[in-house]
Amino acid sequence: MLTAFAILIDGLVYAAYLFIVAIGLTLIFGVMKILNVAHGSFYTFGAYGAATAVAIYFDRGLPDAGGFLLMVLFAMILGLALGLILERGVMRLVYGRDEVVMVLVTYAAFLVLEDIVILVWGPGSYATYQPLLAAGNIEVGELILSNYDLGLIVVAALLAAVSYWALKFTRYGMLLTAVIFDRETAAAFGINVRVVYTVTFVIGAMLGALGGAIMAPKIAVTLGIGVEVIVLAFAVVAIGGMGSIEGALVGALIVGICRAAAVHLVPQVELFVIYGVMALVLMIRPYGLFVRAQPRKI
Amino acid sequence: MLNRGSSLGGVLGTLWVLVSLLEVAIPPAQAQNAAPAAAPVKLGIVSFLTGPAAAPFGIPGRNGAEIMIEAMNAGKVPAPFNKVGFGGSNIEAKYIDEAGSAANVVTEFRNLVQRDQVDAVVGYVSSGSCLAVTPVAEELKALTVFYDCGTPRIFEEKSRAYVFRVSPHATMDSVAAARYLLAKKQDVTSYSGINQNYAWGQDSWRDFAGAMQVLAPKVTADKALFPKLFAGEYGAEISTLLTSKSQILHTSFYDGDLEAFVYQEQARALDKRMTILATTGEAAMWRLRDKMPNGTMIGGRGPHGPLAPDSDLNRWFQKIYTDRYSIPPTYPAYQMAMSLLGLKLAYEKARKGDAKPTTDEVAAAFKGIEFDGPSGKVKLAIGDGHQGISETAYGTYRFNKEKNEPEIVDIIRFPAECVNPPAGINADDWIKDGMKGAKC
């Protein structure tokens, strides 16, 4: 019973972290049909932004809540700036090109941004543990759970709810949905697709940076964290279906629970289980769980 | 028709020009043929300068090289290393980033040897890099000294002629860890492990569990966890360990992963239930400071840093490093220093007169070398005289609140022959066979 409970909580925590990172990625792909490798850089910048915020704020005797807000604010500002610069400065120049070219451009952007991180923050790592330890913990039987992790689940749930509401019940959400379904028809109906692209890309960047900011207190903020997370985010998006928010949520839950179960029960397969699940899903549903095969347009 | 006078004058004039030109040309050629004593020794220094392994290992290693080479070139290293450079020849170092795939690493190695014509390469943190470079070094007959990588396989798979490693390999760390644990906690009944899922982590656990099986067969291994390298998020692993009855948690995690794990386990008070045994913890203690749990059993891949024996050379090295980089040297810096000192001694032993020794001469002099450095005595006693062994030490971590500094207490030193396999025996076989011949 305890193990089952532990698997559930650990799975939800991991799923929360993956969902926050993957939602931006799937949004960008759904609207713009771009597999944005630079999403890992948004995550990285968010983490470093949070590290900077923590260094400025914590350990000065100020209320901890302010520190959490400052972390998120720094990350969102960095995400906004990066998203704008990348979309307006680079991506708009290659719209309409072959998808492979788009991927290569985003990969090049990722490499450049990794070097910018070194220029700005140096090659060393940053410790950002203060929010994690400040949040405290709670005992549930033999398990001790971190309040920060439980908060992560709440944040992810809120983000999922807000995203769902925004897509289904707001004007902009409906415009976005129309562009996701059929960009050309949406343009024919007068939707300014270029503006939708810019706004979507920036929102995706901010969400990626938010993911980095939220994870920063749990990890050592160092070079390479973007690479690790982008591989996982791709797996989640592939399982759920590119461009599907519900798919990202379900994909994250599947990956999180399966991984947690593997760690508790069969740790030897922990590395393999995520990709094994992805392969299994794609064998049955080649476009992911929530996306159907699209007819080819001539 | 030739004018006899002008023809003679012309010939003399031409002769004069020719002689003048020859006077200018001949001395440099003569100098080259004589291989001047001042000809510098070119070293390639390879270490992680970017990426997750840079901060804990690559940069301290690079800094150790920089500070030692400067001191060597100034003749400021204490005796017996006080000759300028290598036997009077200044050292010129080229620093290369080890980051990238094994193919990249090998390409850069070839560039150093074939394009840059370095006299020796000193470097490599990753065991993967060392395994990839070794056959190439032998093929190119390039003198290569590995400074940090830990895999025992380098000299166990095959004899080497041009590859050396002054730093003992990882088996020493794991065997000493087991001995220290049993010396400090005689009542232990169960242990678990969390190690990265690649060669380093797998080998570390294998050797530690193997040594425990030999030294204390009644003590059982409970959870053996292998998260992905640089996973960063260890929530599920910590939950698993919280439900374990083990008193000890073995980990060979290093800096980035170790830091993340320590922060996450502290948030969930795992260290109140289990004592952590961190075989590479010394490299992280200056960063973790009061966040590393008091009571953590800590190793440093050998007698380095606070685990180093007290000596003039150690104190000198600590001072010059700390003065320059504002942080005490950690074990990668020590390993680099020891590697350079070993190479320097070999070079000076091989040198005869002013002529630069050949690679084969230096390799012959390096084989079986023994010396005292900042980390104490080391001898290239195994791997057919190419692999170093030394004593090692483990201790218990404590954050001294009065001094506001980390420190290691309850240090136990283990002789080299106690924790390293004898010559001619594979590390894994030695452990499985009950560590016969160990002299403790």
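A few notes on this one:
- Scanning region A:152-209 for residues that are basic (K, R) and crowded, with 17+ Cβ neighbours inside 10 Å gives a single hit, A:R183.
- Filtered residue count, region B:395-440, keeping only those that are small (G, A, S) and surrounded by 15 or more Cβ atoms within 10 Å (Cβ to Cβ): 4
- Residues (in a helix (DSSP H, G or I), within 12 Å of another protein chain (Cβ to nearest Cβ) and buried (at least 19 other Cβ atoms within 10 Å of the Cβ)) located in region A:105-129: A:E114, A:V117, A:W121
- Options A:A161, A:A166, A:A109, A:A156: the member that is within 19 Å of the chain's Cα centre (by Cα) and within 20 Å of A:F68 (Cα to Cα): A:A156
- The number of residues in region B:43-77 being under 20 Å from B:A120 (Cα atoms), within 14 Å of chain A (Cβ to nearest Cβ) and outside any helix (DSSP H, G or I) comes to 3.
- Candidate set from region B:120-146 (those that are of a type outside the set (A, V, I, L, M) and closer than 18 Å to B:D203 by Cβ); member that is surrounded by the fewest Cβ atoms within 10 Å (Cβ to Cβ): B:G128
- Test: A:D182 is at pLDDT below 85 and either within 14 Å of chain B (Cβ to nearest Cβ) or out of contact with any Leu (no Cβ under 7 Å at 6 or more places or on another chain) (or both): yes
- Those residues of region A:53-67 which are β-branched (V, I, T) and either part of a loop (DSSP other than H, G, I, E, B) or without any contact (Cβ under 8 Å) to a residue 40 or more places away in the chain (or both), in sequence order: A:I56
- Qualifying residue in region B:63-72 (condition: surrounded by fewer than 17 Cβ atoms within 10 Å (Cβ to Cβ) and either of a type in the set (F, W, Y) or touching a helix residue (DSSP H, G or I) at 6+ places or on another chain (Cβ under 9 Å) (or both)): yes
- Selection within region A:130-176 - within 14 Å of chain B (Cβ to nearest Cβ), more than 17 Å from A:V72 (Cβ to Cβ), among the small types (G, A, S) and outside any loop (DSSP other than H, G, I, E, B): A:S146
- Flag for A:L70 being within 29 Å of A:V255 (Cα to Cα) and either in a helix (DSSP H, G or I) or more than 13 Å from every other protein chain (Cβ to nearest Cβ) (or both): no
- Screening the candidates B:P303, B:P309 for the property of being at negative phi and surrounded by 18 or more Cβ atoms within 10 Å (Cβ to Cβ) yields one hit, B:P303.
- Of residues in region A:240-254 being of a type in the set (A, V, I, L, M, F, W, C) and not in a loop (DSSP other than H, G, I, E, B), the one farthest from A:V277 (Cα to Cα): A:I245
- Looking only at residues of region A:1-15 that are surrounded by 14 or more Cβ atoms within 10 Å (Cβ to Cβ) and among the small types (G, A, S), we find that the one that is nearest to the other protein chains (Cβ to nearest Cβ) is A:A6.
- Helices (runs of 4 or more DSSP H) wholly inside region B:244-329 containing at least 1 residues that are without any contact (Cβ under 8 Å) to a residue 12 or more places away in the chain and outside the structural domain of B:T220 (by TED's automatic domain parsing): B:312-325
- Any hit, region B:296-310, residues being within 20 Å of B:N90 (Cβ to Cβ) and of a type in the set (D, E): no
- Close contacts from region B:43-71, counting a first residue that is at positive phi and a second that is hydrophobic (A, V, I, L, M, F, W, C), with Cβ to Cβ under 9 Å and a gap of 6+ residues or different chains, come to B:G51/A:L223; B:G51/B:A99.
- From the list B:A93, B:A102, B:A71, the lone residue that is within 21 Å of the chain's Cα centre (by Cα), in the same structural domain as B:V133 (by TED's automatic domain parsing), modelled with pLDDT under 95 and not charged (D, E, K, R) is B:A102.
- Number of residues in region A:217-231 that are within 7 Å of chain B (Cβ to nearest Cβ), in a helix (DSSP H, G or I) and either within 16 Å of A:F68 (Cβ to Cβ) or of a type in the set (A, V, I, L, M, F, W, C) (or both) equals 2.
- Only one entry of A:Y95, A:Y48, A:Y107 meets the criterion of being in contact (Cβ under 8 Å) with a residue 40 or more places away in the chain, in contact with a Phe, Trp or Tyr (Cβ under 8 Å, 6 or more places away or on another chain) and under 30 Å from A:R183 (Cα atoms), and that entry is A:Y95.
- Annotation note: of B:V118, B:V122, the sole residue that is part of a loop (DSSP other than H, G, I, E, B) and either over 18 Å from the mean Cα position of the chain (by Cα) or modelled with pLDDT of 95 or more (or both) is B:V118.
- Residue within region A:188-204 that is free of Cβ contacts under 8 Å to residues at least 12 places away in the same chain, assigned to a helix (DSSP H, G or I) and closer than 30 Å to B:A99 by Cα present: no
- Counting the residues of region B:309-358 that are aromatic (F, W, Y), more than 12 Å from B:A65 (Cβ to Cβ) and touching a helix residue (DSSP H, G or I) at 6+ places or on another chain (Cβ under 7 Å) gives 4.
- Any hit, region A:17-26, residues being assigned to a helix (DSSP H, G or I), within 13 Å of chain B (Cβ to nearest Cβ) and of a type outside the set (A, V, I, L, M): yes
- Qualifying residue in region A:96-104 (condition: of a type in the set (G, A, S), assigned to a helix (DSSP H, G or I) and over 27 Å from B:Q264 (Cα atoms)): no
- Residues in region A:1-36 that are at pLDDT below 90 and more than 19 Å from A:G247 (Cα to Cα): A:M1, A:L2, A:T3.
- Scanning region B:236-255 for residues that are over 29 Å from B:C149 (Cα atoms) and facing chain A (nearest Cβ under 9 Å) yields a total of 5.
- The sole residue among B:P78, B:P36 that is surrounded by fewer than 21 Cβ atoms within 10 Å (Cβ to Cβ) and modelled with pLDDT of 50 or more is B:P78.
The values are calculated or read from the model by the stated rules, or taken from the named source; none is laboratory data. All of these numbers come straight from a predicted model, not from anything done at the bench. Note: ideal-geometry Cβ built from the backbone for every residue, glycine included; neighbour counts use all protein chains shown.
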